[in-house]
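Working notes, beginning with the structure itself.
The values are calculated or read from the model by the stated rules, or taken from the named source; none is laboratory data. Remember, it's a predicted structure, so these values are computed and weren't measured experimentally. Cβ coordinates were reconstructed from backbone atoms using ideal geometry, including for glycine residues, and neighbour counts include every protein chain displayed.
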Amino acid sequence: MSGQPSPAVQDYLKLIHHLEQTTDGPISTQEVADGLRIAAPPATRMLQKMAQSGWLDYSRYQGVRLTDEGRRQALLVLRTHRILEVYLSRSLGYSWDEVHDEADLLEHAISPRLLERLDAALGHPTHDPHGSPIPTRDGHLPASDPVLALADVPVGESGSVARVNDEDPDLLRHLADVGLVPGVTVRRTAASAPWGTIPLQVEDREVAVHAGVAPHIFVTLNAAPEGKESSTDPPSPDFNDPEASS
Ligand SMILES: [Zn+2]
């Protein structure tokens, strides 16, 4: 096992971790190459080298899987990225649509020592500005409440915005404009409206968002109030009381 992974290896680890979280089944070389916007042959060579170094298991037919150490390193890169996002937005006044690209650059450049100083100076934040949880310093992702993409929230149900995808600055500016940010209460008021919009109540305002943004917003549903007639069961039996989580 080599020590600190190189910046290129860190990018592979982060992407493969993301793919493991978001796709079912084995991850192919092609998916990795597409995610990094490179051709398949250099991706294959890099994956073979990373397998030799112990970061991942790789076979042509079974695809790519992180080893425990590979996953721990991927989470440390995510920790660095998300703490930097908090620092940029809280201490340097960056807006939430500006921090992701900047953190992508900086995450490879700062030492573990500086990272822990930043973490302490910020008061050990638990979430980045987009609502994603920050992994612990020993490389674990804290458990969080189950979430549902806004696109899948049933009509009439409400919840609070837990997190939003952070990679598209235009999307983030739009969400800030309509007030769809982590922590706000949102209710799906109807299935859909003309022109492909989804009608919502955000706090006490009526808002319509384009259907294309709904898959990028993740909501923790409120437990159904007692006695309320509902045709759908709550998606999870162990829903936390929203009062207790904030
Ligand atoms: Zn980010």
Select from the stretch 85-111 the residues that are closer than 30 Å to residue 52 by Cβ and either of a type outside the set (A, V, I, L, M, F, W, C) or crowded, with 20+ Cβ neighbours inside 10 Å (or both) and list them in ascending order.
103, 104, 107, 108, 111
Does any residue in the stretch 24-42 that is in the same structural domain as residue 12 (by TED's automatic domain parsing) come within less than 9 Å, Cβ to Cβ, of a residue that is among the hydrophobic types (A, V, I, L, M, F, W, C) and part of a loop (DSSP other than H, G, I, E, B) six or more places away or on a different chain, and which pairs are these?
32/38; 33/39
Within the stretch 105-122, residues being within 19 Å of residue 141 (Cα to Cα) and within 12 Å of the ligand (Cβ to nearest atom) number 1
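Keeping to the stretch 25-47, report how many residues are outside any helix (DSSP H, G or I) and among the hydroxyl-bearing types (Ser, Thr, Tyr).
Taking the stretch 25-47 and keeping what is outside any helix (DSSP H, G or I), we get 25-28, 37-39.
Filter again for among the hydroxyl-bearing types (Ser, Thr, Tyr), leaving 28.
Matching residues across the stretch 25-47 total 1.
For the stretch 123-150, what are the residues that are within 16 Å of the ligand (Cβ to nearest atom), surrounded by 14 or more Cβ atoms within 10 Å (Cβ to Cβ) and either outside any loop (DSSP other than H, G, I, E, B) or not small (Gly, Ala, Ser) (or both)?
Just the residues of the stretch 123-150 that are within 16 Å of the ligand (Cβ to nearest atom), to begin with: 125-135, 141.
From what's left, surrounded by 14 or more Cβ atoms within 10 Å (Cβ to Cβ): 125, 127-135, 141.
Within the stretch 123-150, 125, 127, 128, 129, 130, 133, 134, 135, 141 qualify.
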What number of residues within the stretch 69-100 satisfy the criterion of being more than 12 Å from the ligand (Cβ to nearest atom) and without any contact (Cβ under 8 Å) to a residue 60 or more places away in the chain?
6
Here is a list: 186, 219. Which entry is touching a helix residue (DSSP H, G or I) at 6+ places or on another chain (Cβ under 6 Å), in the same structural domain as residue 155 (by TED's automatic domain parsing), at pLDDT 90 or above and outside any loop (DSSP other than H, G, I, E, B)?
219
The lone condition residue 200 fails out of (1) more than 12 Å from the ligand (Cβ to nearest atom); (2) modelled with pLDDT under 95; (3) assigned to a loop (DSSP other than H, G, I, E, B); (4) crowded, with 19+ Cβ neighbours inside 10 Å is (3)
Going by the structure shown, is residue 26 away from the ligand (no atom under 15 Å from the Cβ), out of contact with any Gly (no Cβ under 8 Å at 6 or more places or on another chain) and of a type outside the set (A, V, I, L, M, F, W, C)?
no
